[in-house]
Amino acid sequence: MNFLRNPFRTPQTGKLYPNYWDLIALFVVLSLIGMLAWNAKQMATPYQIGGQLPISLDPLYLPIYALRTVSRMLIALVFSLLFTFTIATWAAKNRRAARIIIPIIDILQSVPILGFLSIAVVGFIELFPGSMLGPECAVIFVLFTSQAWNMALGFYQTVRSVPADLEEAANMFHLSAWQRFWRIEVPFSLPGLLWNTMMSMSAGWFFVVFSEAVTVNKQQILLPGIGSYITVAIQNANMNAIGYAILTMFIVILIYDQLLFRPLVAWAEKFRMEHVGEEAREIHSWVINLLHRTHFLRYVGERITLLFDAFVNLSFFRSKLTITKRISWAVRHERLVNGIWDFLLGAIAFGSLVFLIEFIRQHIPYDVIKHVIMLGLITALRVFILIILCTLVWVPIGVWIGLRRDVAQIIQPIAQFLAAFPANLLYPLVVILIVKYHLNVNIWVTPLMILGSQWYILFNVIAGASIIPKDLLNVADNLGLNIWLRWRRLILPGIFPYYITGAITAAGGAWNASIAAEVVSWGDKKLVATGLGAYITEYTGAGDFMHVALGIGMMCILVLILNRLIWRPLYTLAENRFQLE
Amino acid sequence: MINAEINKPIIEIVNVEKSFKTGDHQDLLVLNDINFRMYEGEIVAILGKSGSGKSTLLRIIAGLMQPSKGDVFYRGKSVYGPVRGISMVFQNFALLPWLTVLQNVELGLEALGVDKAERRVRALKAIDTIGLDGFESAYPKELSGGMRQRVGFARALVVNPDILLMDEPFSALDVLTADNLKSDLLDLWQTKKTGIHGILFVTHNIEEAALLADRIIVFNSNPGSIRGELKVTLPQPRSDLDPRFRNQVDRVYTLMTTQLQTDIEGYVPIDLGYRLPDASVAEITGLLETLNAPETNGKMDLPDVADILMLDIDDLFPLTELLEILHFAKVSKGDITITEAGKAFVEADILERKKIFLQHLKQYVPLARYIYEQLNHHPRHRALEENFLSLLEDYLTEKEAARVLETVIEWGRYAELFAYDYNAGVLSLENPR
């Protein structure tokens, strides 16, 4: 169950301090955000977005809305794959490119995606004035950013770890770069890539639901889809509609899980090099079994294989068989090229730094920064407490389940399913309770942040507990270890790497969710908690992009710092010390 | 084969040298001044210990790597990259697990742009020749190691190569399977069912070299160079029970263990960055016990040692090397003899053994001595392993440096010369509390 087993896939794994590439990447990313915000501010005029379709709360419309939502996800996925196959491959093949691309992607991973939405909306509206295409593209862009980084980093890593003898065999038999890509690199990365893709998709449901209905610059934009449906339902305080939406989403995710996710992952198993095979990650899919056994579908499969064959062997991409001593210009002048490259990067980094300083000096007073840092710390505290609470709840339960094979087989898919379910659909249910019993908003809004991502802790712990070797459990019984010793010496160390993976994912999810969870409403009641997420949401609604950029930047920096100071060392420790071989 | 010498060589290697960059831009020489020729109709074995650079040489010939100096010629033309006409079989098969046997075999033809129908015909024929029919639609993971290597052979043969290169092709297989595959290969070769005009292979197995090759090129380590060359004139099929064959094997051992001109009676002292052999204390103790057994009288033939202990030369030579470094035994002309110190060590009890080992370790292994001295100088008698690692990386590749340090740490811990904390990566003089 390698779910996101490598949250830190960068080549510098294990180093506590950022190296200078990370810093350059950070400057570049932050100033990009700044520039976009500045750009957005220039055009803070009321939008002309063409005729908006009114969202109907009639449940009959829900299938159509669901279809719209799903197609947004799939379009974003296609772009993410394109990005992965091009940019990540480039980085894997070219060290110079990798030195800057990889740190940038790494930093982009910690940019809160939802905060980005408003800025993206403004940008795309400018691109397609007077039509709904702008907001549509913005949503797809946001989904793209939620999927692409994770997929690209994973792909980069696996392409670089293609076994040397496969590379050599490819060379010996004169495969062209094109053939090699489709015959070796893509198949080799496929299990990991698919898994990452599916996990990105799972996380994506949350974002798509949030971003379909967004208030930018005091103006609400509603794109037809489940997210807008539920937003309208909340505005009208319509309990029934919320129930329908949850039901529809449930069905959609069920179909996605059973018809797409599981069959693909089960199919991809055949691409796995066997030495990693035994990790109790057998995934069965009734769909794939059906496919294998039906004559007609087998025929279709064979046709597809033939087509793929022809595609791989397109004569345009065949290797030229003449071998000459080719030493390209770039190789001969390696020093010079390196020098120019470093100079360019240095210039970009310097430019970004100057821009950032100017930007902050001109637009953001010092006490505002202090205030934002305070808010950031409050949200960080929330995330921290949530992780502790979830750990206390889910670790014992997960271990209990994981040690029982039959129970785990039932629960594991359910936990994965729940992780995909967009938790923001459930927010109204909690909000109603808070409103009804007049609970403290700052405390009771907090659990919403972890509602969706707590499952990552659960199913990772289950996976970890289920691979603790039987021998070791027997030894523990044989030595008569009491419960406490058994946990301290065997179970906790055994699940540690998995737990850490789950906790990192859960924490990342909670940060992102804070933007959606710290401001919630029901009918005309609006609950606002104190925190960085609320800050970003409030200023997004008000159309104050400078403050939005400041909030995003701050969240990005905080997430990075916490990753470096807490999660990465823990992760390295888990990898080195507690990996069961 | 008789007229081989008058033919033009198929492969000619002239003054080839290869070095890799290690830390601090220093170059590590792995191949030094290699010259040889391979002629039409020959099977040539390159025999050497692991790390002698023999696989690197094979890759240079294959065009997978460029030599740092010197030239490789294939039929008179310089080799700059993988050449058509040279095919290769890999140690761990290098099959694509997501392709069926048939698709794997077709891969090389695909690259050549052979059209689909012809591809199919040729691949099926190659599969047939190598004895794989019936498995065309199987995936590699369904096959045993021997069958997988057959796929490797079929893939190499289907492109009608002129020369077949093999990188330890049988070392990942069990003995029986390997024997079976070897005799099938010889069959193919002798009946000339393939268009191959020469086979060049790399091995660390002396018997294997003597069984297959017409000519054995023996490699030196550090840096890799040609130590000598032996012709094997026994007719095929050869049997490893034949006394003439045993005699050949003995000659190879002698060639491999005879010290070269420079050293007279005595030991060659090693330096700080020496590539210490990968041997554990338990293993050398076991070997010494065998040597010291009453019936051997402290002296044994190396092929016998290898036979009795069932060790490959890759397993055996590191042990004999460490015994020599520590002055516990002396190897020459294919024999190994226990020394007085070795006798004392093996006859002592556990604690006494540690003392003797400690003394010899400090005296004869400069790296162990250096670590000990550094720890002594340090005010708190501690040092990070990285310091020693970066020192070793000036002499060895990154991987080897780590391996050597790990080895010396194990010896040092056994001798209680110093202690090591795995979590912190710290070497120290104090014992753990």
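Structural remarks
- Computed from point charges on the beta carbon alone (+1 for Lys and Arg, -1 for Asp and Glu), the dipole magnitude for the protein assembly as shown about its Cα centre is near 2940 Debye.
- Between the helical axis of B:243-257 and the longest alpha-carbon principal axis of chain B there is an angle of about 50 degrees.
- Over the range B:319-433, relative contact order from alpha-carbon pairs under 8 Å, at least 6 apart, %: 21
- GNM remark for chain B: springs join alpha carbons under 10 Å apart, and the peak mean-square fluctuation among B:289, B:324, B:118 falls on B:118.
- For the residues of B:86-93, the average number of beta carbons from a partner chain within 10 Å of their own beta carbon is 3.
- Value of [θ]222 nm, deg cm²/dmol, for the protein assembly as shown, DSSP H segments ≥ 4, -39500 (n - 2.57) each, nearest 500: -18500 deg cm²/dmol
- Only Cα sites of chain A enter the Debye sum here, all with the same form factor; the resulting log10 I(q)/I(0) across q = 0.07, 0.08 1/Å is -0.45, -0.60, listed in q order.
- Mean separation of Cα contacts under 8 Å (6+ apart) over length of chain A, as relative contact order %: 22
- Set of lysines with alpha-carbon distance to residue B:116 below 17 Å, sequence-local pairs under 8 removed: B:125
- Chains B and A together bury roughly 3000 Å² of accessible area, counting both sides, with a 1.4 Å probe on protein heavy atoms only.
- Comparing B:27, B:242, B:214 in a Gaussian network model of chain B, where Cα atoms under 10 Å apart are tied by springs, the biggest mean-square fluctuation is seen for B:242.
- Once the C-beta distance of residue A:250 and residue B:390 is scaled by a Förster radius of 51 Å, the resulting FRET efficiency is 0.30 to the nearest 0.05.
- Amide H within-cut-off set for residue B:232, under 5 Å, with H built and near neighbours excluded: B:215, B:216
- Quotient of Cα Rg and 2.2 N^0.38 Å for the protein assembly as shown, N being how many residues it contains: 1.09
- Listing of the range A:143-177 residues, each with accessible area lower by at least 20 Å² in the full protein assembly than in the chain alone (probe 1.4 Å): A:165, A:166, A:168, A:169, A:171, A:172, A:173, A:174, A:175
- Against chain B, whose longest principal axis is taken from its Cα atoms, helix B:313-325 shows a tilt of about 30°.
- Highest mean first, the peptides B:64-70, B:379-385 sorted by other C-beta atoms within 10 Å per residue fall in the order B:64-70, B:379-385.
- Which of A:340, A:213, A:258, positive extreme of dipole for the protein assembly as shown (C-beta unit charges): A:213
- FRET E, pair residue B:282, residue B:241, Förster distance 35 Å, beta-carbon r, rounded to 0.05: 0.60
- Solvent-accessible surface (1.4 angstrom probe) belonging to residue A:244, in square angstrom, nearest 10: 100
- Normalising the average separation of contacting C-alpha pairs (under 8 angstrom, six or more residues apart) by the number of residues puts the relative contact order of chain B at 15 percent.
- Remark on residue B:420: its backbone amide H falls under 5 Å from those of B:428, a criterion applied only to residues 5 or more positions apart or on other chains, H modelled at 1.01 Å from N.
- Here the 3J(HN,Hα) profile of the range B:77-93, calculated from phi with Karplus coefficients 6.51, -1.76 and 1.60 at θ = phi - 60°, is 10, 5, 9, 10, x, x, 9, 5, x, 10, 10, 9, 10, 9, 4, 9, 6 Hz, Gly and Pro shown as x.
- Accessible area per residue for the protein assembly as shown is 46 Å², calculated with a 1.4 Å probe on protein heavy atoms, without ligands, DNA or RNA.
- Residues of type aspartates and glutamates that residue B:354 reaches as a straight line, Cα spacing below 18 Å, ignoring anything fewer than 8 places off in the same chain: B:283, B:289, B:324, B:340, B:410, B:416, B:430
- Residues of type aspartates and glutamates that residue B:8 reaches as a straight line, Cα spacing below 16 Å, ignoring anything fewer than 8 places off in the same chain: B:40, B:42, B:162
- Under Stokes-Einstein, with the Kirkwood radius over Cα pairs as Rh, the value for chain B at 25 °C and 0.890 mPa s is 102 µm²/s.
- Residue by residue along B:110-116, Cβ atoms of other protein chains within 10 Å of the local Cβ number 6 on average.
- Here the calculated FRET efficiency for residue B:35 and residue A:311, from their Cβ-Cβ distance with R0 = 51 Å, stands at 0.65, rounded to the nearest 0.05.
- Only protein heavy atoms count here; under a 1.4 Å probe, residue A:116 has an accessible surface of about 30 Å².
- The modelled label-to-label distance for the pair residue A:298/residue B:343, using points 7 Å beyond Cα in the direction of Cβ, is 7.4 nm.
- Subset of B:18/B:49; B:299/B:333; B:141/B:192; A:93/B:21; A:370/A:525 violating a 22 Å alpha-carbon distance limit: B:141/B:192; A:370/A:525
- Using a probe of 1.4 Å, the accessible surface attributed to residue B:271 totals some 90 Å² when neighbouring protein chains are kept in position.
- Principal-axis analysis of the Cα atoms of chain B puts helix B:145-157 at an angle of about 50° to the longest axis.
- If the segment from residue B:350 to residue B:416 were pulled out straight at 0.36 nm per residue, it would be longer than the present Cα-Cα gap by 22.5 nm.
- Antiparallel bridge percentage (DSSP; both residues within the protein assembly as shown; nearest 5): 70
The values are calculated or read from the model by the stated rules, or taken from the named source; none is laboratory data. The model shown is predicted, which means the values in this text are computed figures rather than measured ones. Neighbour counts are summed over all protein chains in view; Cβ atoms, including those assigned to glycine, are modelled from backbone coordinates with ideal geometry. The area values use the complete protein model at the heavy-atom level, side chains included, leaving out ligands, DNA and RNA. Shrake-Rupley method; radii C 1.70, N 1.55, O 1.52, S 1.80 Å.
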